[in-house]
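Engineer: Quick one: this structure, given as structure tokens, is what I'll be asking you about.
The values are calculated or read from the model by the stated rules, or taken from the named source; none is laboratory data. Given the structure is predicted, the values throughout are model-derived calculations rather than measurements. Please note: Cβ atoms are built from the backbone with ideal geometry, for glycine as well, and neighbour counts cover all protein chains shown.
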Amino acid sequence: MPGRDIRPGADGRGQARAQDADRHVATRLRERRRALGLSQRQLAERVGTIHQQIYRYEKGTGLISVERLLAFARALGVEPDYFFEGLGTGEPARPTAEQRRLLELAEGFVALPRWQQEALLKLVHALAGAGVGPRREGARDDGSA
């Protein structure tokens with residue numbers, strides 16, 4: 001057929017897969033930044049760019065070069081493969097309910113003044129030491145299993 005494009009990926013599926021991968025990496029970048037309690041501006045300073053560019057990366061509208069991805073990995077304390085974990089599972093990268101709660105907790109924690117962070121940390125240690133938390137299946141009232 002004249003005029004038919006027979007190049008690999010010319011049917012659009014290759015491009016769609018690449019866009020899915022870009023969105024996945026963007027989501028993982030945003031999740032990790034938020035988990036560490038960093039603002040877009042703080043991450044930008046760590047990797048030598050501007051916060052508007054971080055916004056574009058996280059929205060998937062700015063393509064991340066390999067060099068920049070390596071810089072993000074170093075700045076966020078992960079290996080580069082972190083950004084690709086879960087890619088290709090057929091599911092969009094979505095945090096679990098527990099991950100969302102942890103992200104909210106991290107964001108709220110970093111917004112507190114230092115003295116409140118320390119007080120909250122003491123409370124968490126006290127609660128963890130007292131075995132306070134969700135009841136495990138088969139646990140008795142005295143805390144033993």
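Engineer: Could you check, for segment 72-83, whether at least one of its residues is more than 17 Å from Arg46 (Cβ to Cβ) and assigned by TED's automatic domain parsing to the domain that holds Gly37?
Structural biologist: Yes, the conditions are met somewhere in segment 72-83.
Engineer: Considering only residues that are among the aliphatic types (A, V, I, L, M) and in a helix (DSSP H, G or I), which ones fall in segment 26-50?
Structural biologist: Ala26, Leu29, Ala35, Leu43, Ala44, Val47
Engineer: Tally the residues that are surrounded by fewer than 10 Cβ atoms within 10 Å (Cβ to Cβ), in a loop (DSSP other than H, G, I, E, B) and modelled with pLDDT of 80 or more, restricting the search to segment 103-145.
Structural biologist: 1
Engineer: Right, next: Out of the residues in segment 56-83 that are in a helix (DSSP H, G or I) and of a type in the set (Ser, Thr, Tyr), which is nearest to Gln19 (Cα to Cα)?
Structural biologist: Ranking the qualifying residues of segment 56-83, first place goes to Tyr57.
Engineer: May I ask you to list the residues in segment 26-41 that are aliphatic (A, V, I, L, M) and either surrounded by fewer than 19 Cβ atoms within 10 Å (Cβ to Cβ) or over 15 Å from Gly108 (Cα atoms) (or both)?
Structural biologist: Hits for segment 26-41 are Ala26, Leu29, Ala35, Leu36.
Engineer: Continuing with this model, one more query. Filter segment 59-95 down to residues that are surrounded by 12 or more Cβ atoms within 10 Å (Cβ to Cβ) and on the phi > 0 side of the Ramachandran plot and give me whichever is modelled with the lowest pLDDT.
Structural biologist: Among them, the one singled out is Gly86.
Engineer: I would also like to ask the following. Return yes when Gln53 is touching a helix residue (DSSP H, G or I) at 6+ places or on another chain (Cβ under 8 Å), surrounded by 10 or more Cβ atoms within 10 Å (Cβ to Cβ), modelled with pLDDT under 85 and in a helix (DSSP H, G or I) and no when it is not.
Structural biologist: In short, no.
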